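Colleague: A single structure is presented below for examination.
The values are calculated or read from the model by the stated rules, or taken from the named source; none is laboratory data. Being a predicted model, the structure only gives us computed values, none of them experimental. Here the Cβ positions follow ideal geometry from the backbone for every residue, glycine too, while neighbour counts run over all protein chains shown. Remember, those area values only see protein heavy atoms, side chains included, never the ligands or the DNA or RNA. Shrake-Rupley method; radii C 1.70, N 1.55, O 1.52, S 1.80 Å.
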Amino acid sequence: MRGNEMLEPALEGDPLIAMSTCDVLVIGGGPAGSTVAPLLARKGYRVVLLEKAHHPRFHIGESLLPANMPLLEALGVADEVTAIGMEKWGAEFVSPWHEHGQEFRFADAIDKSLPMAYQVKRADFDHILIRNAAREGVEVIEGCKVGAVDFQSDNQGAVVHATHDDGRERRWHARFVVDASGRDTFLANRFQIKHRNPRHNSSAMYAHFAGARRHEGQAEGNITIFWFDHGWFWFIPLSDGLTSVGATVWPYYMKTRAGRSLTQFLLDTIASCPPLAERLKDARMVTDAEATGNFSYVSERNHGPNYLMLGDAFAFIDPVFSSGVMLAMNSGFAGAKAIDTCLSRPAEAAAALAEFDRVVRHGPEVFSWFIYRITNPTMRDMFMAPRNIFRVQEALLSVLAGDIYGSTPIWRPLRIFKVIYYLSFLGNLRQSLRGWRNRRINIRPVDEAGLGAGQ
């Protein structure tokens, strides 16, 4: 028996359940959990990471940002990610309301030192991160699902109840709990503090394709965003020749599926976007189509006594700018710093948690301003015909690269960009108001029952 393990009786009549102790217990082995865990283990904390699935496992969200690269270097996994990644030097936007596509190159951002990122199969990427956590001394337990967390009085941590795939039950007493459960939003659901984002709402369906037509040369790995009447598509080339294709759509659109299978519905939706259909005309779907509803949500808080919520476990808006993995990993770095302060210098805990809250909210707030307006005709026109007056295009590229946390001087030109947007909105008031009204109608929630793989 491990030195930190003991047996204690559960409720009367139940068998004995193993009880262990740790400093930090992390729920979830995705990018957020597999970032915060090794960073804390490096500082000497006993860290347990529980992951309900077994890696490698499929996950959507394959597009990284240049701002991911320093984080991967700091974790010591950059070379491994390079080995599995498809180089991504920019992003392309294609609009049916414009006669041309618009390419943005990360090398043209204000900070020229972050010129590229990677597209990755998340099964491989997440596997790299969780293996790294184990190498760093984290006790990684896969196939173990958390069922309950009982927080103790007097700031004494929490007891975490979990069940292995084979039915064995375990308990841990942890000084601190990290919810990195992603869209499962374990603690937010438990506390009943998760809500639909009132300013955005979308659903998504997706699959992998073989034989899709890519761009040539350095642009081969670029992500392409295709706008269409009901939302937008992503087109993400992967290093093994497959391409991730998905549609992020307004919730009402999913109700038009009627009796079609999800696979057929996705193919029919692709056919409604001629530029994308052209690039997929010789391609075949090689995975089952999958779908998810309520793609946009936010929790009332991201921390409390003895716990933090990281990445998608706290909030998610929309994947149009591929920000999910970067925001999750960055929250892992911020979370590790806050937890270290809480455990080693309790007198400074309040200030550390306030700073964590500021950092974790900052990213979604920056991206959401653009996401809330990206389908407005005024914003689309600005994206499709960018100008670099007062370096506003360079600042926009910095946002697209995820360079929003450091010292890069993007905020003044971004304020100018917003002023230009509002002036353009007023200058095209009728068109802009029509787009604004349509969006308010489009984000209304609908019943999302029936979404799922292969349906």
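Colleague: I need the calculated FRET efficiency for the pair residue 218 and residue 73, taking r as the beta carbon distance and R₀ as 22 Å, to the nearest 0.05.
Modeller: 0.50
Colleague: While we're here: Between residue 429 and residue 98, what is the FRET efficiency for a Förster distance of 30 Å, r being their Cβ-Cβ separation, to the nearest 0.05?
Modeller: E between residue 429 and residue 98, to the nearest 0.05, is 0.90.
Colleague: Just to verify a number: what accessible area does residue 89 come out at with the full protein assembly present, 1.4 Å probe, Å² rounded to tens?
Modeller: 50
Colleague: Along the Cα-to-Cβ line of residue 419, 7 Å from the Cα, sits a label point; which residues in segment 356-393 have backbone N less than 18 Å from it?
Modeller: From segment 356-393, the list is 387-393.
Colleague: OK, next. So how exposed is residue 175, as accessible area in Å² (1.4 Å probe, rounded to 10)?
Modeller: Answer for residue 175: close to 100 Å² accessible.
Colleague: A follow-up question, please. From largest accessible area down, sort 52, 418; use a 1.4 Å probe on the protein chains.
Modeller: Largest to smallest exposure gives the sequence 52, 418.
Colleague: Now a separate question. Placing +1 on the Cβ of each Lys and Arg and -1 on the Cβ of each Asp and Glu in segment 343-423, which of 344, 368, 382 has its Cα farthest towards the positive end of the resulting dipole?
Modeller: 382
Colleague: How big is the Kirkwood radius of segment 68-172, worked out from every pair of different alpha carbons and given in Å to one decimal?
Modeller: Taking every pair of different Cα atoms in segment 68-172, averaging 1/r and inverting gives 17.9 Å.
Colleague: Could you check how much of the accessible area of segment 84-222 is carbon and sulfur, as a whole percent, using a 1.4 Å probe?
Modeller: 44
Colleague: Sorted by packing (mean other beta-carbon atoms within 10 Å per residue), highest first, where do 315-323, 389-397 land?
Modeller: With the highest mean Cβ count within 10 Å placed first, the list reads 315-323, 389-397.
Colleague: Rounded, prolate or oblate, given the Cα gyration tensor of segment 301-455, with a/c below 1.5 counting as rounded?
Modeller: Taking the square roots of the gyration eigenvalues as a ≥ b ≥ c, segment 301-455 is oblate.
Colleague: Using Cα centres only, tell me the gap between segment 326-360 and segment 187-248 in whole Å.
Modeller: 30
Colleague: For the chain, what does -39500 (n - 2.57) per DSSP helix run (n ≥ 4), summed and divided by total residues, give at 222 nm, in deg cm²/dmol to the nearest 500?
Modeller: -10500 deg cm²/dmol
Colleague: If you count only protein heavy atoms and use a 1.4 Å probe, how large is the accessible surface of residue 213, to the nearest 10 Å²?
Modeller: Only protein atoms counted, so the area is about 120 Å².
Colleague: I need the GluC sites (Glu not before Pro) found in segment 29-133, filtered to DSSP loop residues with at most 14 other beta carbons within 10 Å of theirs.
Modeller: Listed in order of number, the matching sites are 99.
Colleague: Continuing with the same structure: I'm spelling it out carefully: the read-out is Cα extents along the principal axes in Å, the candidates are (1) 71, 47, 43; (2) 69, 50, 42; (3) 71, 51, 38, and one was derived from this structure. Which label?
Modeller: (2)
Colleague: Which stretch or stretches of segment 100-135 have amide N atoms under 20 Å from the point lying 7 Å from residue 58's Cα along the Cα→Cβ direction?
Modeller: Correct set: 119-128.
Colleague: Also, quick follow-up: To the nearest 10 degrees, how steeply does helix 349-371 sit against the main Cα axis of the chain, on a 0 to 90 scale?
Modeller: The two axes meet at around 20 degrees.
Colleague: How large is ³J(HN,Hα) for each residue in segment 302-313, as worked out from phi by the Karplus curve 6.51 cos²θ - 1.76 cosθ + 1.60 (θ = phi - 60°), to whole Hz, x for Gly and Pro?
Modeller: Per-residue couplings from phi come out as 10, 7, x, x, 6, 8, 9, 10, 10, x, 5, 5 Hz.
Colleague: In what order, largest first, do 296, 272, 181, 113 sit by accessible area if the probe radius is 1.4 Å?
Modeller: The ranking, largest first, comes out as 113, 272, 181, 296.
Colleague: Could I ask something else about it? For the chain, what does the accessible surface come to per residue with a 1.4 Å probe? Please give it in Å².
Modeller: On a per-residue basis, 42 Å².
Colleague: Something else now. Considering only DSSP beta bridges whose two residues both sit in the chain, what percent are antiparallel, to the nearest 5?
Modeller: Given both bridge residues lie in the chain, the antiparallel proportion sits at roughly 70 percent.
Colleague: Do you know the relative contact order of the chain, to the nearest whole percent, from alpha carbon pairs under 8 angstrom that are 6+ apart?
Modeller: Normalised by residue count, the contact order of the chain is 20 percent.
Colleague: Could you tell me which of 297, 152, 117 has its Cα farthest along the dipole of the chain towards the positive end, charges placed at Cβ (Lys, Arg +1; Asp, Glu -1), taken about the Cα centre?
Modeller: 297
Colleague: Tell me the carbon and sulfur percent of the accessible area for segment 259-381, rounded to whole percent, probe radius 1.4 Å.
Modeller: 53
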